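This report refers to the structure that appears directly beneath it.
The values are calculated or read from the model by the stated rules, or taken from the named source; none is laboratory data. Since the model is a prediction, treat every value here as computed from it, not as a measurement. Positions of Cβ are backbone-derived with ideal geometry, glycine not excepted, and every protein chain shown enters the neighbour counts. What goes into the accessible areas is simple: the full protein's heavy atoms, side chains included, and nothing from ligands, DNA or RNA. Shrake-Rupley method; radii C 1.70, N 1.55, O 1.52, S 1.80 Å.
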Amino acid sequence: MSFSHLHCHSYFSFLDGCNSPEELVEMAANLNMSSIALTDHNNLCGAVRFHQAAKKANIKPIIGSEITLENNYHLTLLATNTKGYNNLCKILTESYKKGGRYQPTTSFSTLEKYHENLIALSGCYRGEIPALLLNRQFHKALEVAKRYLNIFNQDNFYLEIQNLLHPGDKLLQNHIHQLAQQLNLKIVATNNTHFLKKENFALHDILTCIRTNTTLNQIHKERRLNAECYFKSQMEMEYLFKNNPVALKNIHELEERCQDALPTANRLFPSFPLPPGTDAADFLKTIVYQGAAARYKKLTQSIRTRLEGELDVIIKLGFQDYFLMVWDLARYASRKKIRYAARGSVAVSVVAFSLRISEVDPISRGLLFERFMSLERAEKPDIDIDFDSRKRDILIDYLVKKYGEDKVASVCTYNTFKARGAVRDLGKVLEIPEGELDKIAKLLPHVYADQIPDVLVSLPELRKSNMDWSNYSQLFDFCKQAAGLPRFLGTHLGGVVVSSVPLEQVTPLQPSAKGLTITQFDKDDIEAFGLVKLDLLSLRTLAAVEDCNESIKLAESSFSYEAIPYDDKDTFNMLQQGETIGVFQLESPAQRGLQNRLKSSHMEDIVASLALIRPGPIKGNMVEPFIARRHGTEAVTYLHPKLEPILKKTYGVVLFQEQVIEIATEVAGFSPGEADQVRRIMTKARSYKAMEKIGEHFVTKAQSNGISQDLAQVIFSYIASYASYGFCEAHAASFATTAYKTAYLIKHYPAHFFAALLSNQPMGFYSAQTLCVEARRRDVEILPPHINLSKDKFVVEGREIRVSLGQVKGMQDKILPKILEVRSQMDFTSLEDFYKRTGVPKDLCENLIFSGAFDSIGQNRRDLLWKLHKILKGKEIHFSSPVPDFPTDEREILQFEVLGIHVNEHPLGKIRKILKLKGFYTAAELKKFPDKTKVKCSGIPIRPQRPPVKSGKTMVFFSLEDETGLTDVTVFEDIYKKFGQFIYTASPKPLIVSGYISKRGEGFSLIAQEIAVLAI
């Protein structure tokens, strides 16, 4: 008779488990166990992947959870079937309603309501019965056991015994045996497993310290006494319970009673509400053809054929209701004037275009529907829609009202340990001073926690940091062990599920940090229940577009964002100059450099731009051939005539994933669905063997389609070299429209658009400070906040932008509306008047003073600060000579600290005369120098990056910001090794860069030869 663990915790017990559900199953399989239970604390997060791994290993999965009761004791519950699983989901959902996000607690009334098809085990040492017995409260333990018996009955309540070699274990086992005999209850042996091997104990102890906010030198009742909670073998358990063989025998009886519990419904998507007798498929066809007629004016036979084909796939796969829901949601957004734009593969669908879900016309672009859906794959459609970030919740509320609060929820994510977070959390437990941890964390790049040892060796800024890394070897070792472990449950950026049944039947629900209801399964696992995820994404760019649109209309009532022409020469001229800071998706240094060389002159160039500046194309050296062919300096060639119509618009280069599908279809004779499967395999292949297998299949099919073996092999190698990083054309086309229109706004309405960008920070590639520098470069001045003029957003005053009061450090969402409301009744006349009428906290009052908000109604900032302290003490302010103000430099530093932007002069501008005498050039001046000119400049380093390059070597790209704009700097590996410590620092300082100009087209970058910290 084999042994099975009935009480196991995975890392989804969040800081109380060290291993994944898959690792637990693998260990069970290695030990020849026939079943295993997963019983994480108050959640079922690991249930799907646990179930899938167990089925693959031919092991019975038993799904359960160790819940926390309202009296703070623990109880282990196991589901015997799907009904039990449903009840377990409901119990956990109720526990979060009762106890909240951080302290879910289950009431006994909830247990009584949902106890059916659940088996209860009395629990570990934190179980109520063991705790009472250990405290020698025998009579009370008896009464508690009777209470559980009344809820679960004789067959479904077991007393749990453990032998973890704790003091009093044997005595506790004897007491439990006596209680079992007295009430005729059965006993089962468990080990309360929290990690796989004894050597994992140290990590588990550290995780426990993080969870309990203690250090290794502090005592806490939840820290385990020894390493016995590891995954023991049958032999080890038999030895530990040699005097209690019946406790092991009962395990087999219990596991036999537990059946496959995970629901396996094929479809839980709700039916779209329609009038009685109306068929969803017929209704979808009707509105699609109506929409297509409005879009295309004339429905040609080719359009009808395409629509019929798409509708056939959608309806055969049963997703007509899904499309109706998305159509209805988009229609609601339009009615409410909420900006939205579809992204991703849905934009290849003519149905989506006809329903106004997407604005990309797939027919004019020649996009294939199979990239999105096909009968061969029969997968759920994945629709992503960006909404104005401020109004996304309105759309979710609409879904909740339409389908029911119990049927709509956001999808969760699992936030895991990365390098910086691991250093801070684990270092605190090891009692490393907070200042040291802060310095280490800021020095580390954004990498996984197990990559710390590698980057300490490979990155010069870490090697030359004057830190003795050997002092932290233990910390980094634990960080490596903790890498990837879930830290806490988060909310997916956009994923929402809508169900035909209450969601608590298939997933426990809990509140997120922001109060949204979230599932306990992520975007991948949730689909196992037949649910379809819809991504409703927040895009701040759309919020900025709306703010800009409203601002322009105040000055120019006839303006329409929707009517922006797509052939504006001034806009394309601006793009050709690489002046794209602030332009959606085109503002990075790489994109600015590309625009200088590509010379975009129509929308197709912008679409290509979005696909070209990605790690794969850059590393694959396809950017330069594309540009050369675009300008006719390199011949456009095709390996076979069949490739020309497919690759013509990308000059013979495989740029888009859709082209891979077309090539497989035309060359190898694959069906579109088969071709997309080829694309997916090639895109995700991680081994030579997998690529070789699909290549052989491609060549065989191509030969049968009249292509020679040699040519077929060459074509396959050609597409294989690009497929792994090919970009979705539909996605690029979706973004290209917004990219172009934001460029148009910057060119023609810079004050309005930069005000909108600044109002919606953080977003995009650059900080508010860099955006202000760019605005000034375009002759748009920045005005300081004004207590009687500034609003909750940055606003345009002529050709100037007034800083928002919301930009002031410490300004809270609740305080700003109150200030504006009070001010609407009458302007503030003095600092004392402001404080008396608003009651704003002292720290915020000080920050408002430092920001310059009171300059118009006060003598000076230091005098205002002195008066504030008098006001706070309740003293009257009598007329007197003002206190002398701060020196100018100090005043502007304080202003920058509370605003994050230099309102007046840029720091480099203040010392420009000195810099000029020393031979330094500004960003504006460097543009005039010819190629290879040796120069030196200075500025504040912005956004250093180490993207992959073809050579495999490390190169760094960053920008230097001065008062005239940005200078893009390229740092080759040898220079990076010498000076990397100046580029990547915990507190960036102005730098000096000496090097030479490298011209590419009309653009340039500065090739660094020496880098140093600026010292004047």
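Observations on the model:
- FRET efficiency, 1/(1 + (r/R0)^6) with R0 60 Å, evaluated for ALA441 and GLN178 via beta carbons: 0.65
- THR737 contributes an accessible area of around 40 Å² to the protein surface, as traced by a 1.4 Å probe with all chains present.
- DSSP-defined antiparallel bridges as percent of all bridges, the chain, nearest 5: 65
- Rounded to the nearest 10 square angstrom, ILE940 shows an accessible area of 40 square angstrom against a 1.4 Å probe.
- Within segment 216-258: Cβ-based charge dipole about Cα centre, in debye rounded to nearest 20 (Lys, Arg +1; Asp, Glu -1): 240
- Efficiency of FRET between GLN103 and ASP361 - r from beta-carbon atoms, R0 45 angstrom, step 0.05: 0.30
- Computed over segment 767-899: relative contact order in percent, which uses C-alpha pairs under 8 Å that are six or more apart: 21
- For peptides 504-515, 425-436, sequence by mean Cβ density within 10 Å, most packed first: 504-515, 425-436
- Segment 197-280, relative contact order [Cα under 8 Å, separation at least 6], %: 20
- Of the chymotrypsin sites (Phe, Trp or Tyr not before Pro) in segment 850-929, those whose Cβ has at most 12 other Cβ within 10 Å and which sit in DSSP loop: PHE879
- Magnitude of the charge dipole for segment 831-990, about its Cα centre and with charges confined to Cβ atoms of Lys, Arg (+1) and Asp, Glu (-1), is about 660 debye.
- Treating r as the C-beta distance of LYS836 and LEU516 and R0 as 51 Å, the FRET efficiency rounds to 0.85.
- Degrees between helix 21-30 axis and first principal axis of the chain (Cα, 0 to 90, nearest 10): 50
- Cα long-axis angle, helix 301-316 against the chain (0 to 90 degrees, to the nearest 10): 30
- Counting Lys and Arg as +1 and Asp and Glu as -1 over every other residue whose Cβ lies under 9 Å from the Cβ of THR76, the net charge comes to -2.
- Distance histogram in 10 Å bins (all Cα pairs of segment 767-899, percent per bin): 12, 43, 34, 11, 1
- Taking amide H positions as modeled 1.01 Å from N, with prolines and chain starts lacking one, the residues under 5 Å from ILE62 and 5 or more places away or on another chain are ILE36, ALA37, LEU38.
- Options VAL898, ALA923, ILE911, ranked by Cα towards positive dipole end of segment 895-966, top entry (Cβ charges): ALA923
- This model, with +1 at the C-beta of Lys and Arg and -1 at the C-beta of Asp and Glu, gives segment 280-403 a dipole about its Cα centre of some 600 debye.
- For the pair segment 414-450 and segment 760-836, the centres of their Cα atoms are 35 angstrom apart.
- Probe 1.4 Å - accessible area at MET811, Å² to nearest ten: 30
- For segment 130-219, trypsin sites (Lys or Arg not before Pro) meeting the loop criterion (DSSP other than H, G, I, E, B) and having at most 16 other Cβ atoms within 10 Å: ARG136, LYS197.
- 0 to 90° range, to nearest 10: angle between helix 138-152 axis and the chain longest Cα axis: 70
- Spin-label model distance (nm) - PHE929 vs GLN945, 7 Å beyond Cα toward Cβ: 2.4
- For segment 255-329 and segment 560-619, distance of Cα centres in Å: 36
- Scaling against 2.2 N^0.38 Å puts the C-alpha radius of gyration of the chain at 1.07.
- Loop sites in segment 887-945: trypsin sites (Lys or Arg not before Pro), DSSP, at most 15 other Cβ within 10 Å: LYS918, LYS928, LYS932
- Alpha-carbon centroid distance for the pair segment 45-72 / segment 940-972, whole angstrom: 48
- Largest-first ordering by accessible area, 1.4 Å probe, given options LEU1006, LEU537, LEU31: LEU31, LEU537, LEU1006
- Helical runs (DSSP H, four residues minimum) scored at -39500 (n - 2.57) apiece and divided by the length of the chain put the mean residue ellipticity at 222 nm at -13500 deg cm²/dmol.
- Antiparallel beta bridges, as assigned by DSSP with both residues in segment 410-538, represent about 95 percent of the total such bridges.
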